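Read the figures in this text as sums done on the coordinates, not as results from a lab. Computed from a prediction, not measured in an experiment: that's the story for all the values here. Glycine also receives a Cβ, built like all others from the backbone with ideal geometry; neighbour counts cover every protein chain displayed.
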Amino acid sequence: MHSIQFALDDGSLTGTTITVAGWVRTFRNDRFIALNDGSTIRNLQCVIDQQEVDAATRARFTTGASVQCTGELIASQGSGQRVEMKVTKVEVLGDSPADKYPIQPKKHSLEFLRENAHLRFRTNTYSAVFRMRHQVSFGIHEYFDMHGYNYFHAPIITASDAEGAGEMFRVSTLDAKQPPLNDAGAVDFKEDFFGAESRLTVSGQLQAETAALALGKVYTFGPTFRAENSNTTRHLAEFWMVEPEAAFMDLHGDMDLAEGLCKHLIARVLRNSMDDLQFLDARAKEEDAAKPQAQRNEMGLIERLKFVLENPFERITYDDAINILLRSKPYQKKQFQFPVEWGVDLQSEHERYLVEKHFKKPVIVTGYPAKIKAFYMRTNAPGDFGYSEKGKTVAAMDVLFPGIGEIIGGSQREERLDVLEARMDEMGVPKEELWWYLDTRRFGTVPHAGFGLGLERFVLFVTGMGNIRDVIPYPRAPKSAEF
Ligand code: 4AD
Ligand code: MG
């Protein structure tokens, strides 16, 4: 058996007899099967001899049917492909009744395909997206392996809220209707499976830090869970995050690592996914043409990827960002929905203004106000990068991408025990529960840094898709966990 990709691309196969198998995309003129096996977005044209294949069998070559074909690969008579197969033997492996199969050879809406998520991989759009998701995932391992990072498996179940945002899903085996109660009348989690209230992780960072302070460089790459009730095109309740963590690295090293990773992944998809990119590029242009001028992309997908690859990311401080926003047209014309003043968190509309209108390239913002960032970030002092006279800042960095907004969040970590403890008290983070984390600062603490890249947000960027639910196989979002 040969993959269709090989059949189409390996010139030495022309003139030989091979076998391929896949799913029928279309069957035209009672002769031409467009066969796709998922190895490439391109179909192999399999030409049937009507004398050899009876009408009853030909009637079974419906869209979605699985078929195995054997025959000679010959130079193609038609345009559009280099070779086609002159079929000598064909077998239907699985029928697909045309009146019932939901995926027909026409343009379906993405909403319709989301409702048929189990079959959407069989469309050009989704097969392209998921081949590219693979390329990005594999590229992540490649990049960190190349740079000496150890793949570290952080636990999925945890008792600690790494981000301190309280947006966690509980993991419990207690009877939901009649849980055991303690003397105070509250649910007694001592009786629960883990003997303490446990949850699904929002980040593997705290555990990764303990490993970085021994192995030097580590990265986690796995599913993370957030029970934030945001029904947006950028948020999922279950998403994949990559979190590198390195000892002896400061914020500058962290930014270099983040920019290097993004560029490595873009270079990889430009090298390995060109067929899929061309398809998605054309698809996005078609979608764009239907939009008002102001909402259209100035660059096509491939052009955008090359542009990001070839240009250094802009690096600015939070103070710079606020000043730019205060001077911006949308601010002066009161077009921003959310307020802009020193101390506020940047909203997606602000991030996208900086990236898409002002700098027109990815931007890394550093030195955010301490009160809007997590407890583990390093507090800046005068002279530190990102220090501000306006209030306490931390050595945070967010990488902002066109069309997406925040794609990476990271920081240099607070390695000084006393400063860290004071910050935890200030923010109400329980020190007793995180005794093991604080031990890393008690014994051989060192400067260290890391970040988290949201895999789906990155896949959104490289595929040019508009909704995060279209780049994860089975999206989990508020009120939605089907399949
Ligand atoms: O900025 P976040 O919350 O950072 C952390 O979790 C840190 N512990 C990372 C670290 O320093 N090791 O999340 C990191 C990234 C975001 O920039 C975003 O790309 C993605 O994770 N992300 C989400 N993606 C999809 N759906 C959600 N609900 C997401 N929340 C965050
Ligand atoms: Mg963040």
Whole-Hz ³J(HN,Hα) for each residue in the range 304-317, computed from phi via Karplus 6.51 cos²θ - 1.76 cosθ + 1.60 with θ = phi - 60°, x for glycine and proline: what do you get?
5, 5, 5, 4, 5, 5, 8, 10, x, 5, 6, 10, 10, 8
Which pairs break 24 Å Cα to Cα here: K285/K357; K291/K357; K285/K361; K263/K479; K291/K360; K217/K390?
K263/K479; K217/K390
A correct Karplus calculation of ³J(HN,Hα) over the range 354-369, with 6.51 cos²θ - 1.76 cosθ + 1.60, θ = phi - 60°, whole Hz and x for Gly and Pro, returns 4, 7, 8, 9, 7, 8, 6, 6, x, 10, 10, 9, 10, x, 6, x
Enumerate the calculated ³J(HN,Hα) couplings along the range 436-447 in order (Karplus 6.51 cos²θ - 1.76 cosθ + 1.60, θ = phi - 60°), each rounded to whole Hz, writing x wherever the residue is Gly or Pro.
5, 5, 5, 4, 5, 8, 7, 10, x, 5, 9, x
Under 5 Å between amide H atoms, partner at least 5 residues away or on a different chain: which partners does T317 have, H built in plane at 1.01 Å?
T366
Rounded to the nearest 500, what is the chain's calculated 222 nm mean residue ellipticity when only DSSP H runs of at least 4 contribute -39500 (n - 2.57) each, over all residues?
-9000 deg cm²/dmol
Amide H contacts of M377 (H built 1.01 Å from N, under 5 Å, at least 5 apart or other chain)
E414
List the residues, sorted by chain then number, that are 5 or more residues from A477 or on another chain and whose placed amide H is less than 5 Å from its amide H.
A237
Dipole-positive endmost among V363, L309, I103 within the chain (Cβ charges, Cα centre)
I103
When a footprinting reagent is the concern and you count Cβ atoms within 10 Å, what order do E91, E432, E415, E209 take, fewest first?
E432, E91, E415, E209
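Around A56, under 14 Å between beta carbons, what's the net of Lys plus Arg minus Asp minus Glu among the other residues?
Details: positive: R58, R60; negative: D30, E52, D54, E91, D95.
That sum, taken over residues with Cβ under 14 Å, equals -3.
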Gap in Å between the Cα centre of the range 239-261 and the Cα centre of the range 69-122?
42
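What is the dipole size for the range 169-323, taken about its Cα centre, with +1 at each Lys and Arg Cβ and -1 at each Asp and Glu Cβ, in debye to the nearest 20?
On the way: 17 positive and 27 negative charges, 93 e Å.
The dipole magnitude comes to about 440 debye.
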Let's see if you can work this out: charge +1 on each Lys and Arg Cβ, -1 on each Asp and Glu Cβ, no other charges. What is the dipole magnitude of the range 139-217 about its Cα centre, in debye to the nearest 20?
120
Can you list the lysines whose alpha carbon sits under 25 Å from that of K431, skipping same-chain ones fewer than 8 residues off?
K190, K371, K373, K392
